[in-house]
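Step one of this worksheet: look at the structure below.
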């Protein structure tokens with residue numbers, strides 16, 4: 001009989017071994033936080049309800065589904081399909097995350113003009129469909145792009161300061177991340193400018209255990225310069241559903257697979 005061990009339990013076991021041998025480093029905590037946030041299970045899906053609120057209090061809504069499939073050596077694939085509203089309906093976004101510090105491959109299908117756009121590596125900090133999230137937030141920022149320093153901790157959290165190795169590619173000077181000690185989920189990130197002022201904040205507002213895995217079911221990002229915010233609520237979350245790699249190909253951007261639509 002095959003016994004399934006939830007990935008977060010493996011993380012906790014690994015952490016216990018490391019703590020027994022030597023103190024955790026910023027690199028080690030950053031790696032385990034990435035695994036907990038982005039690599040839970042072999043694959044996964046969720047339906048996302050996005051609310052974008054501008055500085056005047058005006059709201060815009062986005063509804064989309066996210067499919068994810070893990071590969072070897074931290075490679076991943078993401079497929080995002082938009083259902084609502086009309087101006088983004090049937091738009092699709094595909095990511096092939098290369099891992100190991102290599103640039104990710106990204107494509108965006110725009111049905112209004114019947115065109116697939118290849119997203120340049122330099123555009124990964126661009127707004128994602130007009131929200132306060134950026135393209136890079138969907139698949140995660142590569143650990144190799146930053147230096148990770150473990151700051152004096154808090155009772156329930158590890159705090160990591162992440163400093164970009166190439167500041168010309170980003171719009172911030174550094175960012176601190178608060179990581180829960182019990183399950184290694186990152187629950188807050190604050191991005192600061194050259195003067196040390198917080199200009200962007202990302203928080204995990206709700207966490208639920210789904211299929212035995214601690215999962216963020218609501219998150220918020222605030223752009224403190226524009227005084228805007230975006231809230232994502234994740235519904236119908238499921239792991240290990242048996243997604244096929246063929247679904248994550250450019251050909252399916254124009255004709256999305258059944259798994260991506262409702």
Before rounding to the nearest 500, sum -39500 (n - 2.57) across all DSSP H runs of length at least 4 in the chain and divide by the residue total; then give [θ] at 222 nm in deg cm²/dmol. -4000 deg cm²/dmol
If I model a spin label at residue 194 and residue 75 as a point 7 Å from the Cα along the Cα→Cβ vector, what separation in nanometres do I get? 3.9
Which residue fluctuates most in the GNM of the chain (Cα springs below 10 Å): 179, 48, 209? 209
Heads up, the chain by the C-alpha gyration tensor (a ≥ b ≥ c square roots of eigenvalues; a/c under 1.5 rounded, else a/b over b/c prolate, else oblate) looks oblate
GNM top mover of 33, 189, 86 - the chain, alpha-carbon springs below 10 Å: 86
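Read the figures in this text as sums done on the coordinates, not as results from a lab. Fair warning: this is a prediction, and the values are worked out from it, not measured in the lab. Don't worry about glycine lacking a Cβ; one is built from the backbone with ideal geometry, like all the others, and counts go over all protein chains shown.
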